[in-house]
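Here the structure comes first, spelled out in structure tokens, and everything after it is commentary.
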Amino acid sequence: MKKFLPLLLLTAALSSCLKPQKALTEHPEHQEVNAVYYWKTVFQLDSSARQFMAEYDVKRIYLRLFDVTADDGEWGAVPNASIRVPEREFQLLKNEMDSMETVPVVYITLDGLRAMTDREGTLAKNIVNRVHNMVQYNSLPGVSELQLDCDWTESTEEQFFTLCDSVRKTIKELELPWRLSSTIRLHQLAKQAPPVDAGVLMVYNTGTYSDPDTKNSIINIEDIMPYLKRLNSYPLHLDVAYPTYSWQLIFRDRKFAGITSELNLTDTSKFEPRGENLFIAVEDIPYNDTMILKGDLIRLESSDFKEIETVKREIEKCLSSRKYSNIIYHLDPENLKNYSSDEIKSIYAVGS
Amino acid sequence: MKSKVFMLLAAELLPVVANACGPFNPIIPTPPYFVTEGNEPTDYNRIENLKLWQSQISDQIPLAEIEQVVYADSHDRFNEMTNPNDRKSTLNRMYIYLNDSNNTEAIEFLSLAKGIEEARRDDERRSPWYYPSKRNDERTTDGLDYFIRQAMNYDGENFKERYAMQVCRALFATNQFARCVEYYDSIFSGIDDASLMKRMAGNYAGGSLIHLGDTVKANTLFALAGDYNSLFVENPMEYMLDQNPNAPQIMDYMRSYVAADSARMAQHLPLAVKALANRDVTYKGDWAFYLAYFYNHFAQAPQTAENFINKALKLQFSSDELKNQAMAYKMKFEGASLTQQSILTNLRWLDQRVDSLSPDAKDWNRRGRNIIYSDWIPQLWKRGDYATAILLADYADSKNLTDYGRDENVNPGDMDRGSLTFQLMGSLRSDQLIAVRQKIMSSTPLYDFLRREDMQNPNMFNDLIGTLALREGNYARAVDYLLQVGIDYQHSMRLYRAGYLGLDPFVYYPERWEKCEWEDWV
């Protein structure tokens, strides 16, 4: 089963906006530029990806370097699914992308975070040292920020905040010119801001993907609106990430069974449409190492531009008095080709 | 004359001393039979690997020097020593060979193997958090993955198996267990089990299989490698005997761990019996020796032990070392049936073991003396062959000189009166010693071999026979023999040199008698 993407919940509501907290560390000032997330395990910039970046003047890549997961052994938490940079892309990064800014991102699972309770300092050192080495090894250009991505909740808030403190301390000790940022999920807007220099508001995975009755868990204005009332007063500089991906969720007996994006749902001999984005398997279909069984429900979810546009409009109302950038999640030419040039420009446009 | 008076007085005390004491067999710290210090199973690979290197490069290079290069020197040190642009001077013949022969194939392999070992040992790199920081430093770019690729790219023949083993080792070290097993199967399935590299690689593949949950296949690989410590079975030795009956690690385990304890030995008797009956066991001599040792040492059943040791010597042994021990062990049972010929044969064989070039020479010296003292002389004495017993005692005593590094040029009169030779002679009657002397002087191959200078010295015999006659009250014989003791011999005695013969035997010298300083006697 493919790895799940980080989840977000949705809110909508606006109120008066406050100035964001200013970064305190000595590092290049944050610039408002077009950006993308890169969330695969192999860093491959094919011609269409490079063309996309050039066409839309993408100047910053948020690059997931690895996940932190729980380990049964002595380490407590270990890196997992580290990104691999092939030689061609390494040369590209080294020689042709020196004007690009890279933000290394580390995704921290809740199990990994819990496993390091009271050892957040160790985890912080491990993370910072490893990111530092990966940056050097892969010649990642323009790194002035490290981002932690974690779906922390009330029960794990303290651990995550301690980790953030420790990471900032480690960065300072190593004299790295990095600021620390964190992804901010919609539900986290209601909590105290983590001790970081900046945040990226994740406006995706807003619904409950595992609920068979959810219409679209990737982005849905109804899920988002309740949370937006706190956005304008959020005490961190925030950029905003919008989704451009799609996926297929599999349910068996109304229970979530997996995520894929490879099924040909237009093949009516195998899948029978049931409603706007639902399909029923009409026969047993071999799939990777398993089997999609006759009667399984497939829900096709995508990031519909109109939905993005609606959400973005509401968010911009809140951020109108602040500086911010827009980010596309994530750089996948296969998905991005579903959007017109104007739509992409619209997503990147600030205050439009 | 004073000396005669002194001896007369001393002789009055002698019967008391002689009755109360001895003869005492010298207590000699002798290395045990069969039992040995244990090796780790992997030690065998190390030794075998060194010999393999020796056969691959030059049998003129000592193993110790190969070991220095192959195992001891670091990656950096090795690269420094083999750097073609800046070679360092060295006395190590392996480095000299590698550089002079320009054997780049061997140099490249060893450099890679050391790189893997260094990376594997490096705690930082073993950490799952490790990530290299330099891409242009090929050695450290991506840790062991770099070495894996390098090893896999080798397309030669000479080091094919060695490279394949290194790949397995590195894959295991990087937790790539499935890949390790797959690679092992793909490379080594067609290679004979006798291959050292196959066995060593099998250990890593076995370890990988444990991680993957396949303990059955893992056990077969561990058994092939002789790694009984890693076996997931109830009785590792029984499994080893079944799977790899001639693995040297089995007997090493029996000799080091089992043989040191009577209960363990008894517990493993069925295994030894089973081994003797197993047609796949080549070295049955080892197992028969095991049984002989058990029955003699722990079961007080010397007849059974003798049967097994005789049987053992008709079978094949895994090593000359063990076979030689078995040969010596058999001598311990021969006391009752000894002939001059068999003694001579045994002594000559023992003498060969005491070759000064042999690292075991000292152990064999002690082992041989112990057989003579403890096993042969009592039997010879029991059957009244005093001459042979005394000659053997003198022969064994003489071996003691080199043991303690004493000067060979001792004074004739300085023979150790505490030695077993003198104890034996002193325990006889004077007429018996006269007969012994006559027999000793007769010429036989054994006596000619054993008779040393002191045994040909009439002064020593005359002195002792006369003294014994004094003890017996046979003063005529005493005077007869003591008069024949030459003045030079008397002067060479410590008793004389210490001034005791110059003292009046009828005067009490408390300041000397009560102050018994050992230094006066040495």
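The values are calculated or read from the model by the stated rules, or taken from the named source; none is laboratory data. Here the structure is a predicted model, which means the values were calculated and not measured. Using ideal geometry, Cβ is built from the backbone for each residue, glycine included, and neighbour counts are taken over all protein chains shown.
Return a yes/no flag: does the stretch B:325-333 have any residue that is of a type outside the set (Gly, Ala, Ser), at pLDDT 90 or above, under 30 Å from B:Asp431 (Cβ atoms) and assigned to a helix (DSSP H, G or I). Among the residues of the stretch B:325-333, not one is of a type outside the set (Gly, Ala, Ser), at pLDDT 90 or above, under 30 Å from B:Asp431 (Cβ atoms) and assigned to a helix (DSSP H, G or I), which makes the answer no.
When the test is whether a residue is at pLDDT below 80 and closer than 28 Å to A:Leu163 by Cβ, A:Thr25 passes it. Can you tell me which residue within the stretch A:94-130, out of those that are assigned to a loop (DSSP other than H, G, I, E, B) and more than 14 Å from chain B (Cβ to nearest Cβ), is nearest to A:Gly199 (Cα to Cα)? Restricting to residues being assigned to a loop (DSSP other than H, G, I, E, B) and more than 14 Å from chain B (Cβ to nearest Cβ), the top hit is A:Thr109. Taken over the stretch B:82-94, residues that are without any contact (Cβ under 8 Å) to a residue 24 or more places away in the chain and more than 18 Å from B:Leu63 (Cβ to Cβ) amount to 7.
Of the residues making up the stretch A:67-93, those that are within 30 Å of A:Asp118 (Cβ to Cβ), of a type in the set (D, E, K, R) and outside any strand (DSSP E or B) are A:Asp71, A:Asp72, A:Glu74. Answer yes if at least one residue in the stretch A:160-169 is under 23 Å from A:Ser99 (Cα atoms) and either within 14 Å of chain B (Cβ to nearest Cβ) or surrounded by 20 or more Cβ atoms within 10 Å (Cβ to Cβ) (or both), and no otherwise. Checked against the condition, which is being under 23 Å from A:Ser99 (Cα atoms) and either within 14 Å of chain B (Cβ to nearest Cβ) or surrounded by 20 or more Cβ atoms within 10 Å (Cβ to Cβ) (or both), the stretch A:160-169 yields no hits at all. Helices (runs of 4 or more DSSP H) fully within the stretch B:191-294 that include at least 1 residues being hydroxyl-bearing (Ser, Thr, Tyr): B:196-212, B:215-225, B:236-243, B:248-253, B:262-267. Applying the condition of being aliphatic (A, V, I, L, M) and more than 23 Å from B:His211 (Cα to Cα) to the stretch B:153-196 and asking which residue is surrounded by the fewest Cβ atoms within 10 Å (Cβ to Cβ) yields B:Ala194. Does B:Asn175 meet the test of being in the same structural domain as B:Ile148 (by TED's automatic domain parsing) and at pLDDT 90 or above? No: the conditions fail for B:Asn175. Where helices (runs of 4 or more DSSP H) sit wholly within the stretch B:416-460, those with at least 1 residues that are without any contact (Cβ under 8 Å) to a residue 12 or more places away in the chain occupy B:430-440, B:445-450. Inside the stretch B:68-114, residues that are outside any loop (DSSP other than H, G, I, E, B), under 25 Å from B:Lys160 (Cβ atoms) and acidic (Asp, Glu) make up a count of 3.
Within the stretch B:245-261, the set of residues being more than 18 Å from B:Phe317 (Cβ to Cβ) and touching a residue at least 24 places away in the same chain (Cβ under 8 Å) comprises B:Tyr257, B:Ala260.
Only one of the listed residues (B:Glu117, B:Glu65, B:Glu124) is at pLDDT below 80 and in a helix (DSSP H, G or I). That residue is B:Glu124.
Within the stretch A:330-352, being at pLDDT below 95 and touching a strand residue (DSSP E or B) at 6+ places or on another chain (Cβ under 7 Å) holds for A:His330, A:Leu331, A:Asn335, A:Val350. Scanning the stretch A:211-247 for residues that are of a type in the set (S, T, N, Q) and more than 29 Å from A:Ser325 (Cα to Cα) yields a single hit, A:Thr214. Report yes if A:Leu148 is in contact with a helix residue (DSSP H, G or I) (Cβ under 6 Å, 6 or more places away or on another chain), in a strand (DSSP E or B) and modelled with pLDDT of 95 or more, otherwise no. Judged against the criteria, A:Leu148 is not a match.
Of all the numbered requirements in (1) more than 22 Å from A:Asp239 (Cα to Cα); (2) within 14 Å of chain B (Cβ to nearest Cβ); (3) touching a residue at least 12 places away in the same chain (Cβ under 8 Å), A:Asn133 misses one, and that requirement is (3). Every condition in (1) within 11 Å of chain B (Cβ to nearest Cβ); (2) under 20 Å from the mean Cα position of the chain (by Cα); (3) closer than 22 Å to A:Gly199 by Cα is met by A:Ser82 except one, and the failing one is (3).
Checked against (1) part of a loop (DSSP other than H, G, I, E, B); (2) under 14 Å from the mean Cα position of the chain (by Cα), B:Gly368 passes all but condition (1).
Filtering the stretch A:299-323 to residues that are crowded, with 21+ Cβ neighbours inside 10 Å and either at pLDDT below 90 or touching a Leu at 6+ places or on another chain (Cβ under 9 Å) (or both) leaves A:Arg299, A:Glu301, A:Val311, A:Ile315, A:Cys318, A:Leu319. Restricting attention to the stretch A:172-189, does a residue exist that is under 22 Å from the mean Cα position of the chain (by Cα), within 14 Å of chain B (Cβ to nearest Cβ) and in a strand (DSSP E or B)? Looking through the stretch A:172-189, none of the residues is under 22 Å from the mean Cα position of the chain (by Cα), within 14 Å of chain B (Cβ to nearest Cβ) and in a strand (DSSP E or B).
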